[in-house]
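Taking it in order: structure first as structure tokens, then the write-up.
The values are calculated or read from the model by the stated rules, or taken from the named source; none is laboratory data. Here the structure is a predicted model, which is why all the values come from computation and not from measurement. Cβ placement follows ideal geometry from the backbone for every residue including glycine, while neighbour counts extend to all protein chains displayed.
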């Protein structure tokens, strides 16, 4: 459940109920984005193999992009007047993405797992966009559409790494 920032009225053209619904979506999205970020970080740290340098840099690029996304998602929830749930326990409780253990994966498996995470978020974002639209929040729907496009692009780029 999303927690309002204060009792103060926010006059941005959305009802409190609509903002609460969308803030809930954003908090769950924040948790998923963070878990994907942790995957990319762990892969960056634990990758080995003959393509180490390339894969190490690839995972760094991934976690840096996800770090920006995490901040943007949190700030969107705050703009709607809601606090973000931001503890590790809260993230794992509301996230839909599973955690991934990087210690036993090959670099190819790491890339595939990261790709799968981007694809899962793209699928979820399609539903989230619809929720935002139904709540009358065009701003968040537009914001989520941009995130969807970003996850689709990242998934495509990771798929390309796996092709010979």
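Numbers below:
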| read-out | value |
| --- | --- |
| Meets criteria (surrounded by fewer than 19 Cβ atoms within 10 Å (Cβ to Cβ), assigned to a helix (DSSP H, G or I) and modelled with pLDDT of 95 or more) for residue 32 | no |
| Matching entry among 134, 149, 104 (being farther than 22 Å from residue 40 by Cα and either in contact with a strand residue (DSSP E or B) (Cβ under 6 Å, 6 or more places away or on another chain) or free of Cβ contacts under 8 Å to residues at least 24 places away in the same chain (or both)) | 134 |
| Among (1) under 26 Å from residue 18 (Cβ atoms); (2) in contact with a helix residue (DSSP H, G or I) (Cβ under 6 Å, 6 or more places away or on another chain); (3) assigned to a loop (DSSP other than H, G, I, E, B) - the single one residue 121 does not satisfy | (3) |
| Scope the range 97-118; condition in a loop (DSSP other than H, G, I, E, B) and either out of contact with any helix residue (DSSP H, G or I) (no Cβ under 7 Å at 6 or more places or on another chain) or closer than 15 Å to residue 37 by Cβ (or both); matching residues | 97, 98, 99, 100, 101, 102, 104, 106 |
